[in-house]
Amino acid sequence: MLKRESLELMRTPQTRKQSTDDDMGIGWHLRRMGNLRTASHGGTLAGHILLLEIVPERDFAISILTNSNVGWRLIQDVEREALKSYLGATYAKNQGIAHRGLVETLPNIEPLAQQPNPAPYVGTYARPTNTVVVRTDEKGLIVQEKQNSGRLGMEMPIAFFGPDRAVVTDGTERGQSIEFVRDASGGVKWVRVVGRVAVRSP
């Protein structure tokens, strides 16, 4: 139904995912692991979580489907082990990966020895259904989601491993990515938690 040229265009990077090492094609999330290039797309709906991934240069494909709200954990473990065992895939240290339609933990992270000044990141960031509060305590920076109903999510302590890129260091969300995005003037304007962005409130 599609010409080969169209298929290849879909797997051609159209834009770099901001603050990450991943690219976006047309409908495909593109990632490099060593010399390996993958194209994938995941999804989450009503307790069903899945991933479809292809490696065209190696004639490899894998599809993983789960019926659990935390199915991403199984998907992540199976996907990474399959790519490592069959294709020798490896992640570089502090390789920033992006959301592909499902949650993932960062694979090989070492926080910066010197953490940046937390002040530019502290604030409240708004979404239509909730807000993301970034504050400091004796442990450092804490990220916490707050529903419009007032219900608070879990506290997520973070540490930076690169410019504006942080990882959750403790709790059930340990290993997940938090990204801060700056505006044209260089100020921190947005935060992205589990792939969803929130804009700083005045």
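The values are calculated or read from the model by the stated rules, or taken from the named source; none is laboratory data. As the structure is a prediction and not an experimental result, all values here were calculated from the model. Virtual Cβ from ideal backbone geometry, glycine too; neighbours counted across all protein chains shown. Note: areas computed on protein heavy atoms with side chains; ligands, DNA, RNA excluded. Shrake-Rupley method; radii C 1.70, N 1.55, O 1.52, S 1.80 Å.
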Taking placed amide H atoms and a strict 5 Å upper bound, the residues 5 or more places from T169 or on another chain that come that close are I158, A159, G175
In degrees, nearest ten, helix 71-87 long axis to first principal axis of the chain (Cα)
50
Distance violations [Cα-Cα > 29 Å] among K3/K93; K93/K139; K139/K189:
K3/K93
Rounded, prolate or oblate (a/c below 1.5 giving rounded, otherwise prolate when a/b exceeds b/c) for segment 85-133 by Cα gyration tensor:
oblate
Built amide H within the under 5 Å cut-off of F60, gap 5+
V55
Could you give the dipole magnitude of segment 13-142 about its Cα centre, charging the beta-carbon of Lys and Arg +1 and that of Asp and Glu -1, in debye to the nearest 20?
180
Semi-axes, largest first, in whole Å: what does sqrt of 5 times each Cα gyration tensor eigenvalue give for segment 1-118?
24, 19, 15
Of the heavy-atom accessible surface of segment 58-180 (probe 1.4 angstrom), what whole percent is carbon and sulfur?
51
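Please compute the per residue accessible area over the chain with all protein chains in place, 1.4 Å probe, rounded to a whole number of Å². Please list the in-between numbers first.
Details: 11180 Å² over 202 residues.
Value for the chain: 55 Å² per residue.
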Across every pair of different alpha-carbon atoms, what Kirkwood hydrodynamic radius in Å does the chain reach?
18.1
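What do you get for chymotrypsin sites (Phe, Trp or Tyr not before Pro) in segment 5-104 restricted to DSSP loop and a cutoff of at most 16 other Cβ within 10 Å of the site's Cβ?
Numbers: sites: W28, F60, W72, Y86, Y91; in loops: W28, Y91.
Taking segment 5-104 and a limit of 16 other Cβ atoms within 10 Å, no loop chymotrypsin sites (Phe, Trp or Tyr not before Pro) are found.
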Solvent-accessible ranking of K189, K84, largest area first, probe 1.4 Å
K84, K189
